[in-house]
Structures are given as C-alpha cells and as structure tokens.
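This report refers to the structure that appears directly beneath it.
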Amino acid sequence: MAIAMIALPLAKAARDGQLHGVTMQLGDSVRDAAESQDVAGVPAERLTYAGLTLTGASYHATDDEGRLQIPVGPLAREIAIYSVAITPLGHADHRD
C-alpha cells in the first residue's frame, strides 16, 4: 500500500509561523537517504493546507487541527525522508 499524502499538524507545533520549505532525500535505506547530498525541494504549489490561512510564507491556524499536506508521488528509490523548515512566531504556549 503506497502512501499518497503526509499530513503534518503544524498548528500543534506553532499556530503562527513561517514555512520556509519542504525538502526530500531519497535512498535505498534510511541511512542512504539521510546521508544523501541530493536534496530536492518540494514545489510550494504542490503543498496544500487544511485549517491554515496562508499569507505569503506566513501561516495562521485557528485551532490545533491546522495542518500542512504534502503529496507523495511515485518514488525512484525505496526510502524518502521529508524535511519541513518552519519558524514559529508568537508565544510558545498557544493553548487556549
């Protein structure tokens, strides 16, 4: 069974933040993928957002359910590692 989408609950880490980008590394094992210098950026237009308001690179979630959705297409290698770079904005304690 192939994975079609990764749903990352960004709002649980920070309700307000800046998304700098998503990258992917491939390999035949986790070690190979982690050590790979071939890092590919996931185009911003492929990303979708659920429960998040996006303004440029900044996002805001009204509750803890806001998430970034990353589509996963066919892979050329066995393992893929996705990395997401964000900068939280505002206070660390965002719970109501």
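Using the Cα atoms of the chain, I'd like the radius of gyration and the largest Cα-Cα distance, Dmax, both in angstrom.
Calculated on Cα positions, Rg and Dmax stand at 14.5, 44 Å.
Under 5 Å between amide H atoms, partner at least 5 residues away or on a different chain: which partners does ILE6 have, H built in plane at 1.01 Å?
Answer set, sorted by chain and number: ILE70, VAL72.
Which FRET efficiency value, to the nearest 0.05, is calculated for ASP32 and GLN69 with the Förster distance at 25 angstrom and r the Cβ-Cβ distance?
0.40
How big is the dipole moment of the stretch 10-94 about its Cα centre under a simple scheme where the beta carbon of each Lys and Arg is +1, that of each Asp and Glu is -1, and everything else is neutral? Debye, nearest 20, please.
My answer is approximately 120 debye.
What base-10 log of the normalised intensity I(q)/I(0) is obtained for the stretch 1-47 from the Debye formula, alpha carbons as equal point scatterers, at q = 0.13 Å⁻¹?
-0.43
For the chain, what does the relative contact order come out to in percent, with C-alpha contacts under 8 Å and a separation of six or more?
Once divided by the residue count of the chain, the mean separation gives 45 percent.
What distance in nm separates the two pseudo spin-label positions at SER58 and GLU78, each 7 Å out from Cα along the beta-carbon direction?
Computed distance between label sites SER58 and GLU78 equals 4.5 nm.
For the chain, what % of the accessible area comes from carbon and sulfur atoms, probe 1.4 Å?
54
Place a point 7 Å from the Cα of ALA7 along the Cα-to-Cβ direction; which residues of the stretch 67-85 have their backbone N under 15 Å from it?
67-72
The values are calculated or read from the model by the stated rules, or taken from the named source; none is laboratory data. Since we're looking at a predicted model, the values are computed, not measured. Heads up, the Cβs are rebuilt from the backbone with ideal geometry, glycines too, and the neighbour counts pull from every protein chain shown. All accessible areas refer to the heavy atoms of the entire protein, side chains included, with ligands and DNA or RNA removed. Shrake-Rupley method; radii C 1.70, N 1.55, O 1.52, S 1.80 Å.
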